[in-house]
Ligand code: NAP
Ligand code: GDD
């Protein structure tokens, strides 16, 4: 049987790496787009690398950028994939306040460029398209828990850009009969999570503090709540979305929500550290062995923040037969063990 071909934009990121692993295990030929960078940016996928001289490779990288229409168009024409996963984005919400125009270019116009390239090369009957949508689109939530029907109310340039991406995906589905789908994914983490997202930042810092390698951890809003899952579970949902008979949009979430402070508690429990909290607001501090190790820094407070996210993935459970294998404790356990192993190699 002929192998299916997938093209992943954003293959060097957390989800791209898990998705590439997943698809290779499913016997796909996986193509990925990487950006030119002055330092290595392929750490998460180096284990998949195959020498270009090898015949019949199942993992092939191409240079490209979703802000560059020609590179997007050329690679799509060359690969003619069965499935495209658009995971490429400036994905940091706080950073989107600093670089809003770039965020809109990559996160909103990026998927438009991909959809236009599919159309231009007349591939819409062959190529299915997945867009990496986000619970950030719900922002100032209008309903709890959030479902596919909950109205959007974004709270950041990132959220606003992703809403354009959501609607343009739906628009190409309805206007041109594309098999184009939106996953509306709630936060998902893993050992491969970028270092500046809050879960990874907390895990790394508390492990280092426990082993005397770091003194303090500075954070912003401790009371925001997130519905955190594991990236490995969530990339499986992406694939399932594209295997349906008809294109559609799905919320992917665990249905459990915790505050940043509660997440710190889970990590501290895993490390057998007892943390006592004192003070209020920006002066709130977390003490370990009578030393203040967690402090609040106003530089990490966003101009606007999404306060509460909680997803209802009933549609995905019913139609995709998807459910998460990880709960918060298992996720934290894996992230902490990974970090400790890394520290003990240093
Ligand atoms: P990530 O780790 O930040 O990865 C983002 C990927 O996009 C990286 O490969 C990055 O390349 C690439 N990229 C950034 N700008 C690009 C550009 N202009 N052209 C081409 N590639 C570009 O993000 P993630 O956590 O894996 O998330 C994957 C996608 O899902 C993103 O679109 C994100 O917005 C969305 N999402 C994530 C979550 C979550 O909780 N993780 C939830 C909902 C939706 P470099 O490695 O070179 O930077
Ligand atoms: N990053 C960060 N750093 N966040 C902090 C910090 C800190 O020092 N202190 C508190 N927070 C709070 C943020 O204000 C936010 O309310 C929450 O922790 C989560 O922040 P992030 O981990 O940066 O994730 P996010 O929820 O803003 O965005 C992630 O999830 C979205 C899905 O809801 C990203 O992966 C997005 O790309 C994704 O779409």
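Could you please tell me the mean projected area of the C-alpha convex hull for the chain, averaged over all directions and given in square nanometres to one decimal?
It is 18.1 nm².
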**OP:** For the stretch 39-104, divide the Cα radius of gyration by the Kirkwood radius and give the resulting Rg/Rh value with two decimals.
**Re:** 1.02
Original post:
Pick from 88, 175, 316: which residue has the top mean-square fluctuation in a GNM of the chain where Cα pairs under 10 Å get a spring?
Top reply: 175
Subject >> Diffusion coefficient, µm² s⁻¹, Stokes-Einstein with Kirkwood Rh over alpha-carbon pairs of the stretch 284-346 at 4 °C and 1.567 mPa s >> reply: 79
**OP:** Take the Cα gyration tensor of the stretch 223-282, multiply each eigenvalue by 5, square-root it, and list the three semi-axes largest first, rounded to whole angstrom.
**Re:** 35, 14, 6
**OP:** Could you work out the per residue convex hull volume over the alpha carbons of the stretch 143-189, in cubic angstrom?
**Re:** 98
Original post:
Tilt of helix 157-176 relative to the longest C-alpha principal axis of the chain, in degrees (0 to 90, nearest 10)?
Top reply: 30
Original post:
Taking 1 over the mean of 1/r across every pair of different Cα atoms in the stretch 4-89, what Kirkwood radius in Å do you get?
Top reply: 12.9
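For the chain, what is the mean residue ellipticity at 222 nm derived from helices alone (per DSSP H run of n ≥ 4: -39500 (n - 2.57); sum divided by total residues; nearest 500 deg cm²/dmol)?
-10500 deg cm²/dmol, from helical runs alone.
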Original post:
Helix 14-25 versus the longest principal axis of the chain: what angle, 0 to 90°, nearest 10, using Cα atoms?
Top reply: 50
Original post:
What per residue convex hull volume, in Å³, comes out for the stretch 204-346 when only alpha-carbon positions are used?
Top reply: 132
Original post:
At q = 0.19, 0.22, 0.24, 0.25 Å⁻¹, what log₁₀ I(q)/I(0) does a Debye calculation on the Cα points of the stretch 85-174 give, no solvent, two decimals?
Top reply: -0.85, -1.04, -1.16, -1.21
Subject >> Burial order of peptide ranges 38-49, 231-242, 299-310 (average beta-carbon count within 10 Å, highest first) >> reply: 231-242, 299-310, 38-49
Subject >> Centre separation in Å (Cα based) which lies between the stretch 272-346 and the stretch 30-44 >> reply: 28
Original post:
Cα axis of helix 110-120 to longest principal axis of the chain: angle in degrees, 0 to 90, nearest 10?
Top reply: 10
**OP:** Quick one: Debye curve from the alpha-carbon atoms of the stretch 182-222 only, equal weights, vacuum; give me log10 I(q)/I(0) at q = 0.18, 0.30, 0.33 Å⁻¹ to two decimals.
**Re:** -0.58, -1.08, -1.13
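None of the figures in this text is laboratory data; all of them are computed from the coordinates on show. What you see is a predicted model; the values in this text were computed from it and never measured. Glycine gets a Cβ as well: all are built from the backbone with ideal geometry, and neighbour counts include every protein chain shown.
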